[in-house]
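Asks: Submitted below is the structure of interest, expressed as structure tokens.
The values are calculated or read from the model by the stated rules, or taken from the named source; none is laboratory data. For clarity, every value in this text was computed on a predicted model and none was experimentally measured. Methodologically, a virtual Cβ is constructed for each residue, glycine included, from the backbone with ideal geometry; neighbour enumeration extends over all protein chains shown.
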Amino acid sequence: MKSLSVLYRGALTSCNYSCSYCPFAKRIETVEEREADKQTLTRFTEWALAQQDLALSLFFTPWGEALVRTHYQKALVALSHAPHVKKVVFQTNLSSRLDFLHEANTEKIALWVTYHPGEVEREAFLQQCERLIAMKVRFSVGIVGKPSHFAEIAQMRKDLPQEIYLWINAYRGKSRLYPYTEEQTAYLSHIDPLFSINAKDYPSRGKSCLTGEDVISVDEHGTMFRCHFVSRPLGNIYQDNYRDQLKPRTCPRSSCYCHIGYVHMPERELYPQFEGGILERIPIRF
Ligand code: SF4
Ligand code: SF4
């Protein structure tokens, strides 16, 4: 059975947090926008449930915080019970109630959790992590490596159970990498041994990348792209022939610097390091 990973980024563009660097901070959608998001998510969920000859890994990467919405919670629960769905992964700030997970097949769920110092008390966040551990939900925790976060990053690593991977995303201002000193890089690498992988721009134009063949990105209309960073559409998943477009292609962009992108470049050789946790960013060893 062919395997396909699908990244879904729907119409939602709202968040209950107010991180200073984020365009979705404290944005609230209108009733109409929320209804449209719900309807298009329902269509995507039905499509995924119908692709029974594919081994699907689904990754929700919303513009904002979606897991606080019951329609996303219901979609996640429904998808987790489908035999051909191998995994359902969700990016979240973990601010929602987690009771709904009791209805899900938690063996198939994994969360990409982000911690935002200043937006949530550390203790409250850790309690949410404990709830996930009690429910046997796999997850990683990530923090942006802003210099003002350094002390909080170290404290979080100390407080988080050692079996939970804490990743640090290199801080970027308008896509430009923050100029970390050697000392700062060493400090962050001591906490996240894989930090230096993220703290680089990888030249990618003309290079092989599995997106567009084994991994696709889909928007609320079903428009299919190879990844979130290349805007040229490949087709539409709601058309019968969409699989004709799943084929090898080289990258048209000059560089790739986000885990959800460069992890699929064979030359990075990251699949063996993240085997079983590529989408949710859980390495085998850390
Ligand atoms: S939690 Fe994420 S989506 Fe929400 S404001 Fe912060 S960075 Fe943006
Ligand atoms: S290398 Fe990055 S930008 Fe290029 S196609 Fe792959 S994921 Fe997209």
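Asks: State the number of residues belonging to region 172-190 that are surrounded by 13 or more Cβ atoms within 10 Å (Cβ to Cβ) and either in contact with a Gly (Cβ under 9 Å, 6 or more places away or on another chain) or assigned to a loop (DSSP other than H, G, I, E, B) (or both).
Replies: Residues meeting the conditions: 4.
Asks: Could you check region 39-50 and list, in sequence order, the residues that are surrounded by fewer than 18 Cβ atoms within 10 Å (Cβ to Cβ) and of a type outside the set (S, T, Y)?
Replies: The answer is Q39, R43, E46, W47, L49, A50.
Asks: If you check L7 against the conditions, is it closer than 26 Å to Q128 by Cα, at pLDDT 95 or above and within 16 Å of ligand 2 (Cβ to nearest atom)?
Replies: yes
Asks: So, in region 191-211, how many residues would count as being near ligand 2 (Cβ under 8 Å from one of its atoms), charged (D, E, K, R) and crowded, with 20+ Cβ neighbours inside 10 Å?
Replies: 0
Asks: Tell me which residues, restricted to region 225-244, are surrounded by 16 or more Cβ atoms within 10 Å (Cβ to Cβ), within 14 Å of ligand 2 (Cβ to nearest atom) and without any contact (Cβ under 8 Å) to a residue 60 or more places away in the chain.
Replies: Once the filter is applied, which keeps residues that are surrounded by 16 or more Cβ atoms within 10 Å (Cβ to Cβ), within 14 Å of ligand 2 (Cβ to nearest atom) and without any contact (Cβ under 8 Å) to a residue 60 or more places away in the chain, region 225-244 yields F225, R226, F229, V230, L234.
Asks: Still on this model: Looking at region 148-171, which of its residues are among the polar types (S, T, N, Q), outside any loop (DSSP other than H, G, I, E, B) and more than 28 Å from R253 (Cβ to Cβ)?
Replies: S148, Q155
Asks: Please give the number of the condition L56 fails out of (1) farther than 26 Å from R131 by Cα; (2) away from ligand 1 (no atom under 16 Å from the Cβ); (3) surrounded by fewer than 16 Cβ atoms within 10 Å (Cβ to Cβ).
Replies: All conditions are met except number (3).
Asks: Could you say which residue among D214, D159 is within 16 Å of ligand 2 (Cβ to nearest atom) and either modelled with pLDDT of 95 or more or at negative phi (or both)?
Replies: Of D214, D159, the one residue that is within 16 Å of ligand 2 (Cβ to nearest atom) and either modelled with pLDDT of 95 or more or at negative phi (or both) is D214.
Asks: Which ones in region 251-286 are charged (D, E, K, R) and within 16 Å of ligand 1 (Cβ to nearest atom)?
Replies: Of everything in region 251-286, just one residue is charged (D, E, K, R) and within 16 Å of ligand 1 (Cβ to nearest atom), namely R281.
Asks: Can Q162 be described as within 25 Å of V88 (Cβ to Cβ) and surrounded by fewer than 16 Cβ atoms within 10 Å (Cβ to Cβ)?
Replies: Criteria not met by Q162.
Asks: Every residue in region 105-141 that is touching a Lys or Arg at 6+ places or on another chain (Cβ under 7 Å) and not polar (S, T, N, Q), please.
Replies: Once the filter is applied, which keeps residues that are touching a Lys or Arg at 6+ places or on another chain (Cβ under 7 Å) and not polar (S, T, N, Q), region 105-141 yields K108, A110, W112.
Asks: Scan region 65-107 for residues that are surrounded by fewer than 19 Cβ atoms within 10 Å (Cβ to Cβ) and small (G, A, S) and report the count.
Replies: The total comes to 2.
Asks: Test each condition in (1) touching a strand residue (DSSP E or B) at 6+ places or on another chain (Cβ under 7 Å); (2) assigned to a loop (DSSP other than H, G, I, E, B); (3) more than 16 Å from ligand 1 (Cβ to nearest atom) for I216 and report the one that comes out false.
Replies: The single condition I216 does not satisfy is (2).
Asks: Moving on to the next point. Any residue in region 109-122 that is touching a helix residue (DSSP H, G or I) at 6+ places or on another chain (Cβ under 6 Å), away from ligand 1 (no atom under 16 Å from the Cβ) and more than 28 Å from E152 (Cα to Cα)?
Replies: Checking region 109-122: not a single residue is touching a helix residue (DSSP H, G or I) at 6+ places or on another chain (Cβ under 6 Å), away from ligand 1 (no atom under 16 Å from the Cβ) and more than 28 Å from E152 (Cα to Cα).
Asks: Additional query: Tell me, which residue of region 14-38 that is surrounded by fewer than 16 Cβ atoms within 10 Å (Cβ to Cβ) and polar (S, T, N, Q) is nearest to ligand 1 (Cβ to nearest atom)?
Replies: The qualifying residue nearest to ligand 1 (Cβ to nearest atom) is S18.
Asks: Being more than 13 Å from ligand 2 (Cβ to nearest atom) and either of a type outside the set (D, E) or at pLDDT below 95 (or both) narrows it down to one of E275, E220, so name that one.
Replies: Result of the check over E275, E220: E275.
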